[in-house]
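No lab work stands behind these numbers, since they all come straight from the coordinates. Since we're looking at a predicted model, the values are computed, not measured. Cβ atoms come from the backbone with ideal geometry, glycine included; neighbour counts cover every protein chain shown.
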Amino acid sequence: MGTSSDGYTVRSGVSGQATELDGAGDDAGHIHQAILRDARCARDALGGPEAAAAFDAFAAAWLDDASTLRSALHELAGRVRLAKGAYAGSDHTVATRTESVTVGGDGVTTMPTPVGDEYVTTMPVHADRPSVLRTY
């Protein structure tokens, strides 16, 4: 993690994001609990039977949404953690396999590679092309 002279902070990795998703899921759970607590109000405190019925419908919808959000955010945090583990394993495998690669001879070269009596090169081929201006 690094901080620039402007005060911006750069974070890498996905652990922080998974923790934030879990925190958001916890917040949705707190909303759920707050709605449950407020749903127990007396009908008169809500302004009478009609207002109480409207509040009950509103609260029921919010309870469903808050519960769904809580579950989804916690599930997503778990999946982010699983993905992190999978990528860490893949990164380790790639690093291990890369270290085991050997380069024959003296190492990497820019010289042409011999193939039989000829050479293979990555240098551009210059071909003689007739100019279209020769006819003028």
Subject >> Cα gyration tensor category, rounded, prolate or oblate, for region 15-96 with a/c compared to 1.5 >> reply: prolate
Subject >> Peptides 87-93, 69-75 ordered by average Cβ neighbours within 10 Å, highest first >> reply: 69-75, 87-93
Original post:
Arranged from highest to lowest average of other beta-carbon atoms within 10 Å per residue, in what order do the peptides 38-44, 23-29 appear?
Top reply: 23-29, 38-44
